[in-house]
Amino acid sequence: MNPQILEITNRIIERSKKTRGEYLAKIEQAKSSKVHRSQLSCGNLAHGFAACSKQDKAILKQLNHSDIAIVSAYNDMLSAHQPYETYPAIIKKAVNETGGVAQFAGGVPAMCDGVTQGQPGMDLSLMSRDVIAMSSAVALSHNMFDGTLMLGICDKIVPGLLLAAMTFGHLPTVFVPAGPMPSGIPNKEKARVRQQYAKGEVGEDTLLEAESASYHSPGTCTFFGTANSNQLVVEIMGLHLPGASFVAPNTELREELTKAAATQVTRLTQQNGNYTPVGKMIDEKSIVNAIVALLATGGSTNLTMHIIAFARAAGIIINWDDFGDLSNATPLMTRIYPNGFADINQFQEAGGMALLFKELIGMGLLHQDVETICGPGLDKYTQVPTMVDGKLVWVDGTDVSGDLEVIAHPDQPFKKDGGLKVLKGNLGRSVLKTSSLRPGQEVIKAPAVVFEDQHDLDIAFKAGELDKDFVAVVRFQGPKGRGMPELHKLTPPLGVLQDKGFNVALVTDGRMSGASGKVPAAIHLVPEAIDNGLIGKVQTGDMIIVDGITGELTLDVPESELAARPQAQFTAQNEHVGMGREMFGFMRNNLSGAELGACSLFVEDNT
């Protein structure tokens, strides 16, 4: 085992002793030696199975077979979640064949950041994670269930489901993916058209044609943003079946994997004598494995908040220093867009998760003494699922990369570190994704240009006011300010300016999305502007240093001058109204800082 990773793991275990102990005691108290519905009164139970078939009612009356909850993020507007429409029937049949029952316990909302980018609805995106967690809690609150199947994929949905899964940690839980859509136009071409549009060289018809050729069918978007980073993290933690993450929807293999997931959760229940509660299964080592895999693949920066939040739900306390130190110990092993130009299907073809597991295990980067839904250890996850004579089987995965430009050889990683830098300085603490930066762009020292709305930057860009070296400071975008919307709309104009030869960077208390790319972006800044962070005193023309090598984030203004400056005031309260945003004030006001997971669910963390 890599000694640096072992040392970081041990400090997390030590730091989490009290909270983890309290958590394990909680889930121990919640477990039952019998089916959970045995605790219900006759009236309770009658309500719980009133709509079931006669066969299922008979099973549920006997109190000796498992009842499995289905919690689904299905809707048919989101391409990634549309395939889930048919899953409940498949799952119910598979669980029936084991002698048990599966009930659709509840649906959770699922919004798409791709649809809401730059729109008012994006201000609800991060908060939707906590809503999903609470919606799942409502679904599971009936105490009818002995295990859970979680159906979700995209940005805030999987983290929300994980928050709920850890909260109901006494239940065995299996996550059920749906897979990526087929590859569309190359990511390099998509990025080129976006920048052409930003420069005014093509119109909306050309841009829409390119976007539609990229996002074009049921399935997850194929770039390595938060959705696919979620899937990778869930599989690394052993919550997916081996190799399940990136199998295409609407295929025989995908359907058989769904059936197998339904069967597998019944094997983990108390009734089957192999009780594996998810809250005990996921421990400090599982969380470290998740972070290592995220860093080794250059995954989404959003997970620097989400992993902190769902780990906290399991009593495990991690912070950005853990991410930064693990990044120093973890080489970059994949190039998937925006950290390269391959998509997730090309990653799958090059060897996929099975090869990634083999390489990370072989390099001593993953803890193998962990539990998974398939039992102890990670060996099963070096195998790939396939169909043989109409049956689902697992076979050994490849030992060598099918494309060394997508998955590197362990002796020749793409970078010696995981491409995530924690920045610290008088401006506060922030994270910077360095894995996608061009050589020479790791350090930017330039005057600030201050904005309080991402759309104002686009206006200045189109007016030709930004043809220069500068650091864009976009503030009041943090959790308590705007709800921390993604600022992905900034990528094309900043990318155009970078291509013109200007040294540009971004500093913001907002998010830049799982698609953070070639522009240096110091994001998730804490303290945020609305919490009197120093970003609220920055003025246009101030010199700022963003250093992705040393980790410096400095506002180069004398302390005496800063002390005399007034703090900027949030003046966009009107942005809290419309598109449902007025309903979320209670949650927005209680969100913790980004390094605490930007979460409203843990009151003690928000004080």
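Couple of notes before you dig in:
- Listed by first and then second residue, the pairs linking a residue in the stretch 518-539 that is on the phi > 0 side of the Ramachandran plot to a residue that is crowded, with 24+ Cβ neighbours inside 10 Å and of a type outside the set (Asp, Glu), with Cβ atoms under 7 Å apart and 6 or more places separating them unless they lie on different chains, are HIS524/THR304; HIS524/MET305; HIS524/SER430; HIS524/VAL431; HIS524/ARG511; HIS524/ALA594.
- LEU494 vs. criteria out of contact with any His (no Cβ under 7 Å at 6 or more places or on another chain) and at pLDDT 95 or above: no
Residues are listed down the side, and each one gets a yes or a no for (1) more than 21 Å from SER183 (Cα to Cα); (2) acidic (Asp, Glu); (3) modelled with pLDDT under 95; (4) touching a Phe, Trp or Tyr at 6+ places or on another chain (Cβ under 9 Å):
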| residue | (1), (2), (3), (4) |
| --- | --- |
| MET333 | yes, no, no, yes |
| ILE336 | no, no, yes, yes |
| PHE341 | no, no, yes, no |
| PHE347 | no, no, no, yes |
| ALA350 | no, no, no, no |
| ALA354 | no, no, no, yes |
| GLY362 | yes, no, no, no |
| LEU365 | yes, no, no, no |
| GLN368 | yes, no, no, no |
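- Those strands (runs of 3 or more DSSP E) of the stretch 484-554 in which at least 2 residues are touching a helix residue (DSSP H, G or I) at 6+ places or on another chain (Cβ under 6 Å), considering only elements entirely within it, cover 521-526.
- Some residue of the stretch 473-483 being at pLDDT 95 or above, among the aliphatic types (A, V, I, L, M) and in the same structural domain as LYS500 (by TED's automatic domain parsing): yes
- Listing of helices (runs of 4 or more DSSP H) fully contained in the stretch 1-110 that carry 3 or more residues being in the same structural domain as ALA248 (by TED's automatic domain parsing) and under 30 Å from ASN328 (Cβ atoms): 3-15, 17-30
- Selection within the stretch 409-449 - small (Gly, Ala, Ser), buried (at least 20 other Cβ atoms within 10 Å of the Cβ) and at pLDDT 95 or above: GLY425, GLY428, SER430, ALA448
- Scanning the stretch 416-442 for residues that are among the charged types (D, E, K, R) and either without any contact (Cβ under 8 Å) to a residue 60 or more places away in the chain or in a strand (DSSP E or B) (or both) yields LYS421, LYS424, ARG429, LYS433.
- Residues being of a type in the set (S, T, N, Q) and buried (at least 24 other Cβ atoms within 10 Å of the Cβ) - total across the stretch 201-240: 7
- Check on ILE8, within 16 Å of ILE287 (Cα to Cα), buried (at least 16 other Cβ atoms within 10 Å of the Cβ), in contact with a helix residue (DSSP H, G or I) (Cβ under 6 Å, 6 or more places away or on another chain) and in contact (Cβ under 8 Å) with a residue 12 or more places away in the chain: yes
- Subset of the stretch 551-565 [more than 16 Å from GLY533 (Cα to Cα) and surrounded by 13 or more Cβ atoms within 10 Å (Cβ to Cβ)]: GLY551, GLU552
- Count of the stretch 1-34 residues which are more than 27 Å from the chain's Cα centre (by Cα) and at pLDDT below 95: 4
Condition check ((1) among the small types (Gly, Ala, Ser); (2) in contact with a Cys (Cβ under 7 Å, 6 or more places away or on another chain); (3) in contact (Cβ under 8 Å) with a residue 40 or more places away in the chain; (4) under 30 Å from SER183 (Cα atoms)) across all residues:
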| site | (1), (2), (3), (4) |
| --- | --- |
| LYS18 | no, no, no, no |
| SER32 | yes, no, yes, no |
| SER41 | yes, no, no, no |
| GLY48 | yes, no, yes, no |
| VAL95 | no, no, yes, no |
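Matching residues to (1) under 21 Å from GLY298 (Cα atoms); (2) at pLDDT 95 or above; (3) not assigned by TED's automatic domain parsing to the domain that holds SER430:
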| site | (1), (2), (3) |
| --- | --- |
| ARG511 | yes, no, no |
| GLY536 | no, yes, no |
| VAL546 | yes, yes, no |
| GLN569 | no, no, no |
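- The stretch 164-177 residues that are in the same structural domain as VAL71 (by TED's automatic domain parsing), paired with ones that are of a type in the set (D, E, K, R) (beta carbon under 8 Å, 6 or more apart): GLY169/LYS26; GLY169/LYS280; HIS170/GLU28; HIS170/LYS31; LEU171/ASP146; PRO172/ASP146
- Search result, residues across the stretch 566-579 that are in a loop (DSSP other than H, G, I, E, B) and exposed (fewer than 15 other Cβ atoms within 10 Å of the Cβ): PRO566, GLN567, GLN569, THR571, ALA572, VAL577, GLY578, MET579
The values are calculated or read from the model by the stated rules, or taken from the named source; none is laboratory data. Computed from a predicted structure; not experimentally measured. Neighbour counts run over all protein chains shown; Cβ positions are idealised from the backbone, glycine included.
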